[in-house]
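Structure, as C-alpha cells:
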Amino acid sequence: MDIIRKQRIEYTVTSTLISAIFLLIVLGGLFGVVYGSNDIFIRNNLDKALADPQNYNEGVPNDLKCVFICKYDSGQFEIIGNLDIYSKEDAEEIVSQSLAVKEGKFKVGNRYFVVASKEYEHGTLFALIDRTSYHKQLSNTAVMVALLYCCSVVFVALLSLLSSARLLHPVATAMTKQRDLIANASHELKTPLTIIGTNLSVIKSEPQSTVADNQKWIDSITTQLVRMKDLINSMLELSKLEQSELPKQEVDFSAIAEGACLSFEATCFEKDVKLLTEIQPFVNLYGDSNTLERLVIILLDNAIKYSGEKGKVGLKLCVENKKAHLSVMNTGECISKEDAKLTKKQYKAKLAKRKHSTVGYELASQIEKATGLEVRVTIPGHTQRGGSPVPFDRVISSRLGVAAAELIAKEDYGKMLIMKGYDVATLPLEKTAGKLKYVSPDDQIVLQAKHLGISFGD
C-alpha cells in the first residue's frame, strides 16, 4: 500500500533524525568532556610548574615537561629549559609567541603549545608546555567519534526500517479490514438495490395494474429496504466490534434461506432464470442471523449472475451427520481448473484480454470471416421502441430474434418483424419503406458515415 509505505518512510526518517540528534548530543558531550578534561589537566600542570619551577620537571613525563622563560623588568629574558629540539627559527617563534600571548594556546608550524604566566617581584615567569601529542590524541578521538556516530545513525535507520513493518502491521491490518468492509458493504448493498430496481421495472411495465396486483413486488421492495437498514446497522456494529467475536444465538437457517430465495424472485424473472429450492424445514444452528443471511444472498446473487440466459439455479439446505449443509449450484459456464485457482481480480483481468466479450460478438466474427461481409452486433430493446428499459424488452428482443432466424431459414426475405399486440408479425418492406427517398452523396450524414469507414459501394 502506498499509504503504509509512506508511513514507514516517515517513521524511519523521524526516528532516525531523533536518534541522530540524541547521539550527536551524547557523543558530542562525551567528546567535550574529554577535551575539557585534557585542558584542565594541562592547566593544572602549568599552575604547579609556576608555583615550583625549580623542582617541577623532576619525575614529570617528557610530554608535560615545562620550558620556563623569565622576563625581567629591564626587558631581558632567560630561558630555563630545553628548546634545542626545535629549529632556531621555531625556537625564536615559540619564545616570541609565548611573550606575546602570556595566557592561552598558540601554534608554531605543526606544533601546538600552551603558555601561562605569573608575576614576580622582578619580572614575569612564563611556563610553556608542548601539547602536540595530546592534540593528535584528541584528533584521533574525534575521528573515531565521528565514525561511531555515522555507523550508529545507519544502524538506527536500518533498525527503524525493519521495525516499522512490525509496528505498522496493526495499521495495515486495520486499513485492510476497512477496505474489505467498504467492498463488502458496496457489494451487499448493491444486491438489494438491484432487486428494488427490478421490482420497480416490473411494476412500470404494467401501468394498468393496481396496487393489489403489484402487492407482491411492493412487499419485496419493503423487504429489501428493511434488509438495507439491517445491513447498514450491521456494518456499524462490525466497525465497533473490530476483532471481537460476533454474538451468536440459535437461528432458523431454513427461514433465512427461504427469505433470501424469495427476495430474488423478481431478479430471476427479469433474467429468465429458474430458481429451484430444496430446503429442509427447521434447520437450526448457532450463529449471527444477519451474517448467515448475507452469506446466502451473496451465493445466490453470484449464481444467478453467472447462470446464463434461461439458466437454472439450485439451492439445497439439509442436515447431514448433525451438521447443516448449504449448497448453491447453477448452469452457468464452467471454468477450467487453472482458472479456478485464480483470484477474482486475476480472473477478471484474464476475461478482459479476451477478443470477444459475448457469444453474439464471437458469432458475428465467424459470419464476417465466412462471408467477407461487414457484420455488426446490435441488441434490440428499448432503444428501438423508445422509453425506459424494462425486463420485458429482453423477452421482445429474444422473440424477434427467433422469428428473424425462422424467416431466414425459410428464405422469406423482404419483410420486417413487428409486435402486433402480444404477437410477432411481419410486414413487407415496401409498405414500411414506401417511396424511395434519395440522399445526396454530399449529405452530411453520408459524409460522416464515410469518415467512420462505412462503404456505400462507390
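Before moving on, here are some points about what is shown:
- Whether a residue is within 16 Å of residue 127 (Cα to Cα) and assigned by TED's automatic domain parsing to the domain that holds residue 121 was assessed, and residue 77 passes this test.
- Scoring residue 58 on the criteria (1) part of a loop (DSSP other than H, G, I, E, B); (2) surrounded by 15 or more Cβ atoms within 10 Å (Cβ to Cβ) leaves a single failure, condition (2).
- Selection within the range 301-324 - surrounded by 18 or more Cβ atoms within 10 Å (Cβ to Cβ) and at pLDDT 85 or above: 313, 315, 317
- Any chance residue 270 is closer than 15 Å to residue 220 by Cβ and touching a residue at least 60 places away in the same chain (Cβ under 8 Å): yes
- Check on residue 50, within 15 Å of residue 155 (Cβ to Cβ) and either surrounded by 12 or more Cβ atoms within 10 Å (Cβ to Cβ) or of a type outside the set (Val, Ile, Thr) (or both): no
Residue-wise test of (1) part of a strand (DSSP E or B); (2) at pLDDT below 80; (3) exposed (fewer than 12 other Cβ atoms within 10 Å of the Cβ).
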site: 208; (1), (2), (3): no, yes, yes
site: 217; (1), (2), (3): no, yes, no
site: 221; (1), (2), (3): no, no, no
site: 228; (1), (2), (3): no, yes, no
site: 232; (1), (2), (3): no, yes, no
site: 238; (1), (2), (3): no, yes, no
site: 245; (1), (2), (3): no, yes, yes
site: 250; (1), (2), (3): yes, no, yes
site: 256; (1), (2), (3): no, no, no
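- Members of the range 67-90 that are buried (at least 16 other Cβ atoms within 10 Å of the Cβ) and not in a strand (DSSP E or B): 83, 86
- Some residue of the range 117-124 being in contact with an Asp or Glu (Cβ under 7 Å, 6 or more places away or on another chain), over 19 Å from residue 63 (Cβ atoms) and assigned to a loop (DSSP other than H, G, I, E, B): yes
- Residue in the range 2-40 that is farthest from residue 149 (Cα to Cα), counting only those that are in contact (Cβ under 8 Å) with a residue 40 or more places away in the chain and either of a type in the set (Val, Ile, Thr) or surrounded by fewer than 12 Cβ atoms within 10 Å (Cβ to Cβ) (or both): 3
- Residue check for residue 3: among the β-branched types (Val, Ile, Thr), at pLDDT below 85 and assigned to a helix (DSSP H, G or I): yes
The values are calculated or read from the model by the stated rules, or taken from the named source; none is laboratory data. Note that the structure is predicted; figures quoted are calculated from it, not measured. Reconstructed Cβ throughout: ideal geometry from the backbone, glycine too, with neighbour counts over all protein chains shown.
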